[in-house]
Each structure stands twice: as C-alpha cells, then as structure tokens.
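First the structure, in the form of structure tokens, and then the observations on it.
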Amino acid sequence: MTAPDKAAPDKTEQDTTEQDDVERTAVVVIGAGVAGLIVAERAAAAGLRVVVLDAADVPGGSVARHEVAGLDLDAGAESFATRSTAVADLARDLGLGGEIVAPDPAGAWIAHRDGTWPLPRAGLLGIPTDLDDVSLRAALGPDALDRARHDATDPVPAALTPGAPTPPSLGTVVRTRMGEQVLDRLVRPVVSGVHAADPDALDAQAVAPGLLAALEETGSLAAGVARLRSAAKAGSSVGSLRGGMHRLVDALVDRIEAQGGEVRLGHAVTGLHRDDDDWHVTTGAGGTAAPEGTARLRADRVVLAAGAGTAVPLLTGLFPSLADLPAPTGAPVTLATLVVRSDALDAHPRGTGVLVGEDVPGVEAKALTHATAKWAWLADAAAETAGPGVHVLRLSYGRPGENAARYADDARVLEAARRDATSLLGVELGEVLDSDVVRWPGALPAAGPGHAGRVARIRTAARGTGPGTGTLAVVGGWLAGNGLAAVVADSRAQAAQLFDKL
Ligand SMILES: Cc1cc2nc3c(=O)[nH]c(=O)nc-3n(C[C@H](O)[C@H](O)[C@H](O)COP(=O)(O)OP(=O)(O)OC[C@H]3O[C@@H](n4cnc5c(N)ncnc54)[C@H](O)[C@@H]3O)c2cc1C
C-alpha cells in the first residue's frame with residue numbers, strides 16, 4: 001500500500017525535500033479511514049503532494065474486509081444510508097457507480113421476550129411513520145399503540161424544537177411524542193445496533209439531522225419522519241457495493257496513489273504542533289512499519305482524521321480553549337461471523353436479519369444480519385465459492401454499558417453466536433464451515449446532547465487566527481456523526497474548504 005519510491009508528478013515532486021531528517025510535504029493526513037482518504041484524494045486531485053499516515057496495518061479504519069470460508073466480507077461497515085446521495089456520488093466519482101446494490105426488500109425483524117415481528121417499514125432509527133401498519137400493532141400491543149397516537153395531537157413543546165436551549169436527546173424526543181414502549185421496543189434495539197449507544201445518550205439533531213425541524217413543521221414525529229424519508233430518493237433506505245463496502249477504500253487508495261499521493265501504514269502519529277511556517281507531525285511508538293520508530297514531517301496543511309482517541313489529545317495540546325473537550329467514546333462492538341451450510345436458511349426465515357431487545361431470554365447478541373439474505377451478490381458468491389445452501393450470518397455483541405471483557409474470548413463468542421443464531425432464526429444452523437471474530441473498540445463514538453456546539457467550537461479553533469489560518473481541518477465520524485453518509489458528506493465539504501480555492 002505504501003509507495004515511498006513511487007515517481008510523483010513533477011508539480012508535487014518539487015514540494016518534497018529532505019531537511020535534517022524532516023520530510024517536507026504539502027499535506028499530511030492523519031488517519032486513513034474513509035474520512036481521511038476522501039480528503040487526501042481531494043488534495044492529490046488539487047495537485048498537492050499528500051502523505052496519509054495510519055497507525056494500522058490496513059487502510060480504511062471501520063470500513064474493512066476479512067476473509068471467511070474463502071469469501072471476501074465486510075468486517076465493519078457493510079452498507080450506507082441513502083437519505084442523501086453523498087456515498088453514491090462518491091462511488092460514482094470513483095468508477096463504482098455500476099456496483100451500487102440495494103438490499104433484499106424483505107427487511108429485518110425485531111425480537112422481544114414475547115415474540116419476533118417484522119420491523120415496521122419506512123421508519124427512521126425505529127421511529128414508525130405509519131401507526132396503522134399491522135406489524136406495528138403486533139410489535140407494540142394495543143396500549144402502547146394508543147399512547148403512540150398522542151403524537152398526532154399533542155402540541156410540540158419548545159424543548160423539542162431546533163431552537164431549544166438544551167438540545168434534546170433522541171430518547172427524550174421519542175418518549176415525549178410516542179411513549180416509553182415505542183422507545184423500548186422499537187427505537188432502542190435499532191439505535192443499539194446502528195450507533196452502539198442508548199437513545200438517551202444521543203443528540204437528536206446529530207443522529208437524525210432535520211428531524212426536529214420536520215417535527216416542528218408537521219406537528220407530529222411520525223409525519224416528520226415520513227417527510228424526511230420522502231425527501232430521500234425512493235427505494236431502500238440503505239445501499240452497498242457489490243463485493244462489499246471495503247471496495248470503496250481500495251478505490252480511494254488507488255486514486256490517491258495514481259495522483260502521486262502516499263498512504264503509509266503502521267505510522268501512529270504521536271505529535272502535532274505548529275511554528276510560524278509549518279505544521280510538524282511526528283510518528284512514533286506503535287508505528288510498526290516506521291523503520292526507525294520515529295518519522296518527522298513538515299507540512300503546509302494538516303488534516304486530522306484519526307478518530308477522537310487520537311484527535312482530542314492532539315487538539316487540546318494545540319488549543320488551550322479546547323482543554324475541557326470530552327473525548328466521545330463508543331461502546332466496544334464485537335462481531336461474530338459464521339459461514340454455515342443450512343438448507344433451512346434458504347427460506348430467509350427472518351428476512352434480512354433480527355434486531356434484538358434487551359429482554360430476550362438466553363440471547364446475548366444485539367443484532368443478527370443474515371448477510372446472504374440481505375445481499376444477492378453475496379448469496380451468489382457464497383454459492384459459487386462454497387456450494388448451495390451456504391449462508392453468511394453476522395452477529396453483533398456489546399450493548400451500551402456492557403463490559404467488553406464479556407466478549408474477550410473468541411471461542412465463547414462463537415459459541416454464543418451459534419446458540420443465538422439458532423434461537424433468533426428458529427432453525428438448526430447445520431455445519432459451520434468457517435467463522436471469525438472482529439472487535440471494534442470504541443469505533444462508534446456517541447454524539448451526545450450538545451454535539452453541534454462542540455463541533456462548532458473545534459472547527460473554529462482549528463481554523464485558527466494567526467499564522468497558518470485555514471490550514472488545519474478536523475474530520476471523521478466523531479464530528480460528522482457515525483455512518484458513511486454523514487462522514488462522506490462532511491469530509492468532502494471540509495476538503496472543498498481546504499483545497500478548492502488554491
Ligand atoms: C462495526 C461497525 C459497523 C459499521 N457499520 C456501518 C454501516 O453498515 N453503515 C454505515 O454507514 N456506517 C457504519 N459504521 C460506521 C462507519 O464505518 C464510520 O462512521 C466511518 O467509517 C468512520 O470513518 P472515519 O474515517 O471517521 O474513522 P475510522 O474509520 O475510525 O478511521 C480512523 C483511522 O485513524 C487511524 N488512527 C487512529 N489513531 C491514529 C494515530 N495516532 N495515527 C495514525 N492513524 C491513526 C485508525 O487506524 C483508522 O484507520 C460502522 C462502524 C463500525 C465500527
């Protein structure tokens with residue numbers, strides 16, 4: 001992946017000189033997740049010499065691949081929200097437009113102690129739009145449904161409007177409008193799967209942009225969600241790429257390198273400071289590929305795309321005004337993938353998967369994705385690679401507040417995955433051909449109440465006032481909000497601010 005000896009185009013080559021062991025370059029991007037790669041690609045496209053540094057041995061961050069039973073699978077993000085065209089536009093720009101796929105329309109189910117039902121369609125993070133939907137009556141029960149109907153008539157309190165002095169949490173919005181049962185039985189399991197956080201800990205505006213405005217304008221949460229959904233393109237609420245979302249990372253890296261940029265892996269950035277002329281970036285301990293252990297770079301521009309765990313200490317070191325900045329953390333997520341041979345799964349007994357409430361006895365997983373039911377390309381690939389009746393199941397562990405140590409042992413996680421899949425899908429799994437466990441510690445940082453204010457503070461400080469004004473950008477899911485749709489749109493906007501006027 002690293003291309004240190006690669007001939008760069010003339011224009012960028014002039015920008016790079018060696019001085020006292022310090023390498024000079026136009027742009028350093030810290031972090032080769034999707035956010036960093038997007039900005040790096042824009043820098044390279046603007047003719048700037050760009051070096052991307054990542055601590056890991058593979059690029060892509062949470063958009064990763066792993067091989068299980070000979071199949072190339074997504075090890076992290078496996079889809080993108082289609083509420084905006086941001087990800088599809090990026091895919092098209094990278095030549096992947098023809099590879100965009102929609103999931104099977106069967107949709108997912110939701111499991112609780114008292115049963116398993118198809119998840120009502122057309123909602124947002126589990127918030128329903130149609131309270132007359134028959135599956136909703138089954139999933140909620142008559143009393144909870146009666147309470148939810150208050151949403152149509154109760155006036156919208158000022159505390160739930162976009163101008164509220166204390167930005168409301170998603171949990172507060174749902175509880176106030178539709179009641180505790182809608183929150184518990186629908187929204188909490190979905191949010192736990194998508195954000196690895198409790199709805200009470202998430203800023204409503206950050207995780208559902210435009211929702212409070214739509215609520216205020218329509219006078220109802222259901223109608224507000226319906227309005228947001230109808231503003232998006234018709235069709236499925238998520239999409240992916242044939243072959244997996246990790247293809248996006250390969251395409252970005254290829255494009256950066258083709259334009260003379262470099263992606264250096266195994267380089268953990270440990271220091272960032274600025275003098276009158278330049279930014280100084282240091283990589284050190286932890287960088288497995290930096291031969292001398294430490295590398296130093298000087299750059300005109302720096303993009304901090306490394307995630308909150310790295311970014312917050314670097315930012316607070318640079319800007320005393322951010323000293324009180326909390327580093328948002330996310331619950332650790334453990335994913336268990338099972339590739340099984342089971343004819344019973346050909347019928348897709350639970351659609352594309354199951355979201356699991358906290359009250360289901362004997363089940364530890366918070367979500368199960370029946371990946372070969374969800375993505376037709378994967379079913380074809382599984383049949384071609386391993387024969388008929390082969391299915392890919394991905395189970396997700398780690399609820400908000402749960403101790404990560406519970407899922408530290410692979411063998412125990414795989415045993416739980418097999419047991420949980422059998423229970424949730426209601427069929428015998430048959431032979432397990434191969435399996436894998438992947439851990440994501442804190443990779444889904446929670447955007448807590450007041451998130452937008454904190455982002456504004458960070459970006460104001462980063463823009464700066466003295467020498468170097470406008471030469472530092474901070475990007476990534478911890479600011480933009482989790483999910484590729486948010487990260488792609490925000491990273492592209494930040495890149496435009498940094499490079500378009502050059
Ligand atoms: C398990 C999982 C499933 C997900 N599923 C979906 C999904 O289906 N759909 C969706 O839209 N979103 C999904 N997401 C969220 C989505 O993947 C993220 O929001 C997005 O990829 C974040 O990108 P990023 O570049 O901001 O951060 P990251 O992907 O976290 O990248 C940050 C990078 O910085 C590097 N880094 C950290 N410290 C340093 C340092 N000191 N020096 C150098 N480099 C450093 C890391 O190695 C990493 O490569 C999922 C996330 C996870 C964890």
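The values are calculated or read from the model by the stated rules, or taken from the named source; none is laboratory data. These numbers were taken from a predicted model, which means no experiment stands behind them. No Cβ is skipped: glycine too gets one built from the backbone with ideal geometry, and neighbour counts run over all protein chains shown. Areas reflect the complete protein model, heavy atoms only, side chains present, ligands, DNA and RNA absent. Shrake-Rupley method; radii C 1.70, N 1.55, O 1.52, S 1.80 Å.
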So what's Rg/Rh here for the stretch 340-428, counting alpha carbon atoms and using the Kirkwood radius for Rh? 0.99
Output the relative contact order of the chain, whole-number percent, from Cα pairs under 8 angstrom with separation of 6+ residues. 23
In whole Å, what is the distance between the alpha-carbon centres of the stretch 90-154 and the stretch 22-60? 38
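How much length, in nm to one decimal, is gained on full extension between residue 93 and residue 404, taken as 0.36 nm per residue of separation minus their Cα-Cα distance?
Numbers: separation 311, 0.36 × 311 = 111.96 nm, distance 3.89 nm.
The span from residue 93 to residue 404 would gain 108.1 nm if fully extended.
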Pseudo-spin-label distance residue 130 to residue 154, built 7 Å along Cα→Cβ, given in nm, is 2.4
Cβ-Cβ FRET estimate between residue 101 and residue 431, R0 fixed at 25 Å, reported to 0.05: 0.35
Out of every Cα-Cα pair in the stretch 280-403, what percent are more than 24 Å apart? 57
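Quick one: which of 357-363, 118-124 comes out on top by average Cβ neighbours within 10 Å, and what's the full order, highest first?
Working: 357-363: 14.6, 118-124: 19.6.
Most protected by this proxy first, the peptides run 118-124, 357-363.
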Ratio of Rg to Rh for the chain, alpha carbon only, Kirkwood? 0.98
Per the helix-only model, the chain has a calculated mean residue ellipticity at 222 nm (DSSP H runs of ≥4, -39500 (n - 2.57) each, divided over all residues, rounded to the nearest 500) of -9500 deg cm²/dmol
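Compute the Kirkwood hydrodynamic radius of the stretch 119-231, taking the inverse of the mean of 1/r over all pairs of distinct Cα atoms, and give it in Å to one decimal. The partial results should precede the final answer.
On the way: mean 1/r = 0.0731 Å⁻¹.
Over the stretch 119-231, the inverse of the mean reciprocal pair distance is 13.7 Å.
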Taking amide H positions as placed 1.01 Å from N in the peptide plane, with prolines and chain starts having none, which residues 5 or more places from residue 329, or on another chain, fall under 5 Å of its amide H? 446
When you take every Cα atom in the stretch 407-502, what is the radius of gyration, and what is Dmax, the widest Cα pair distance, in Å? 21.5, 66
Percent of accessible area on the chain owned by carbon and sulfur, 1.4 Å probe? 52
Ranked from highest to lowest mean number of other Cβ atoms within 10 Å per residue, what is the order of the peptides 480-488, 128-136? 480-488, 128-136
Inter-centroid distance (Cα atoms) of the stretch 298-321 relative to the stretch 340-395, Å: 41
What percent does the relative contact order of the stretch 423-502 come to when contacts are Cα pairs within less than 8 Å and at least six residues apart? 23
Could you give each residue of the stretch 72-81 its phi-based ³J(HN,Hα) in whole Hz, using Karplus coefficients 6.51, -1.76, 1.60 with θ = phi - 60°, and x for Gly or Pro? 7, 10, 6, 9, x, 4, 10, 7, 9, 6
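Calculate, for the chain, the solvent-accessible area per residue in square angstrom, rolling a 1.4 angstrom probe over the heavy atoms of the protein chains. Intermediate values should be presented prior to the final figure.
Working: 20340 Å² over 502 residues.
In whole numbers, the chain has 41 Å² accessible per residue.
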